[in-house]
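Colleague: Sharing a structure here in structure tokens format.
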Amino acid sequence: MKQHSSTEEDYLKVIYKFSAEGASVATNTISRHLKTSPASVTDMVKRLGEKGLVDYQPYKGVRLTEAGQRVALKTVRKHRLWEVFLVNVLHFSWDNVHETAEQLEHIDSPELIQKIDEFLGYPKFDPHGDPIPSATGEIVERETIPLAECPADSRVTVAGVTEHSKEFLRYLDRIGLNIGTVVEVLERIEFDQSLMLNVKGREIVLSGGFARQVLVIDS
């Protein structure tokens, strides 16, 4: 019998996503992200609190306990491994894997996930550049910066994105800004903070707002 419901796992994953360095997450944030009523969120976090998975204080927000963190990381691990499997093995496009992985992440089979991890060669990052927690919850950290902060004449490699909408990812595909793409910053346009880039031999202009959603590392 599965220990935690799919809904509980969804809540814990969202709290993990919006928490930073142990900070509490507002119930309104959870409500907006899960598209459910604030009353339903309050009921659920109280239930999670009774199970020892979160620490909930009215008007102060919610934070994961150690037990809740373990469940959240396990769910995130399964989601991101499934995304790698869907893209690398079944040839899904990176803009079309999230919803399917959302369903698959709730399969409770540690042996299956272990076999998938082994089959994929123990990947450290998913197709969007997000780190995949290990079986013990460890995460490989990388020093990334937004493309928008890169100076002119720099050469960087696309390592991740902070926006996962289909429209955003499809536009990146159109201009060739995929994970692993080497980019030369030719010019920073001070007027609107846009960037002139060399991407695979083509010059493109990217708005500053768009470039802030693309994460890069030094080449």
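Colleague: Of the residues 86, 73, 81, 53, which is among the aliphatic types (A, V, I, L, M), within 27 Å of residue 144 (Cβ to Cβ), in contact with a Gly (Cβ under 9 Å, 6 or more places away or on another chain) and modelled with pLDDT of 95 or more?
Modeller: 73 is the lone residue from the list that is among the aliphatic types (A, V, I, L, M), within 27 Å of residue 144 (Cβ to Cβ), in contact with a Gly (Cβ under 9 Å, 6 or more places away or on another chain) and modelled with pLDDT of 95 or more.
Colleague: Still on this structure, I have one more. Are any residues in segment 102-152 over 21 Å from residue 172 (Cβ atoms), polar (S, T, N, Q) and assigned to a loop (DSSP other than H, G, I, E, B), and if so, which ones?
Modeller: Result: 109, 134, 136.
Colleague: Given the conditions (1) in contact (Cβ under 8 Å) with a residue 40 or more places away in the chain; (2) of a type outside the set (Gly, Ala, Ser); (3) assigned to a loop (DSSP other than H, G, I, E, B), and given that residue 156 satisfies all but one, which numbered condition is not satisfied?
Modeller: It fails just one condition, (3).
Colleague: While we're here: Search segment 91-110 for residues being of a type in the set (Val, Ile, Thr) and within 16 Å of the chain's Cα centre (by Cα), and hand back the single one that is most open to solvent (accessible area, probe 1.4 Å).
Modeller: Restricting to residues being of a type in the set (Val, Ile, Thr) and within 16 Å of the chain's Cα centre (by Cα), the top hit is 100.
Colleague: Something else about it: Find the helices (runs of 4 or more DSSP H) located wholly in segment 1-82 whose residues include 1 or more that are of a type in the set (Gly, Ala, Ser) and open to solvent by 40 Å² or more (accessible area, probe 1.4 Å), and list them.
Modeller: 6-18, 38-50
Colleague: Suppose we filter segment 111-150 for residues that are more than 16 Å from the chain's Cα centre (by Cα) and open to solvent by 80 Å² or more (accessible area, probe 1.4 Å); how many remain?
Modeller: Result for segment 111-150: 9.
Colleague: Out of 6, 19, which single residue is of a type in the set (Gly, Ala, Ser), touching a residue at least 12 places away in the same chain (Cβ under 8 Å) and under 30 Å from residue 178 (Cα atoms)?
Modeller: So the residue among 6, 19 that is of a type in the set (Gly, Ala, Ser), touching a residue at least 12 places away in the same chain (Cβ under 8 Å) and under 30 Å from residue 178 (Cα atoms) is 19.
Colleague: Now for a different question. Output the number of the condition that residue 88 fails; it satisfies all remaining conditions of (1) open to solvent by less than 20 Å² (accessible area, probe 1.4 Å); (2) free of Cβ contacts under 8 Å to residues at least 40 places away in the same chain; (3) in contact with a Leu (Cβ under 9 Å, 6 or more places away or on another chain); (4) not β-branched (Val, Ile, Thr).
Modeller: The one condition residue 88 does not meet is (1).
Colleague: Sticking with this structure for a sec: Could you please find all residues in segment 62-100 being under 30 Å from residue 174 (Cα atoms), out of contact with any Lys or Arg (no Cβ under 9 Å at 6 or more places or on another chain) and among the hydrophobic types (A, V, I, L, M, F, W, C)?
Modeller: 81, 82, 84, 85, 86, 87, 89, 90, 92, 94, 97
Colleague: So residue 170 fits all but one of (1) touching a residue at least 60 places away in the same chain (Cβ under 8 Å); (2) out of contact with any Ser or Thr (no Cβ under 9 Å at 6 or more places or on another chain); (3) at negative phi; what number is the exception?
Modeller: With (1) touching a residue at least 60 places away in the same chain (Cβ under 8 Å); (2) out of contact with any Ser or Thr (no Cβ under 9 Å at 6 or more places or on another chain); (3) at negative phi applied to residue 170, the lone miss is (2).
Colleague: Name every residue in segment 160-209 that is closer than 20 Å to residue 129 by Cα, open to solvent by 40 Å² or more (accessible area, probe 1.4 Å), outside any strand (DSSP E or B) and hydrophobic (A, V, I, L, M, F, W, C), in order of residue number.
Modeller: 179
The values are calculated or read from the model by the stated rules, or taken from the named source; none is laboratory data. Just so you know, these numbers come straight off a predicted model, no measurement behind them. Every residue, glycine as well, gets a Cβ built from its backbone with ideal geometry; the counts of neighbours run over all protein chains shown. Keep in mind that these areas ignore ligands, DNA and RNA; they rest on the heavy atoms of the full protein, side chains included. Shrake-Rupley method; radii C 1.70, N 1.55, O 1.52, S 1.80 Å.
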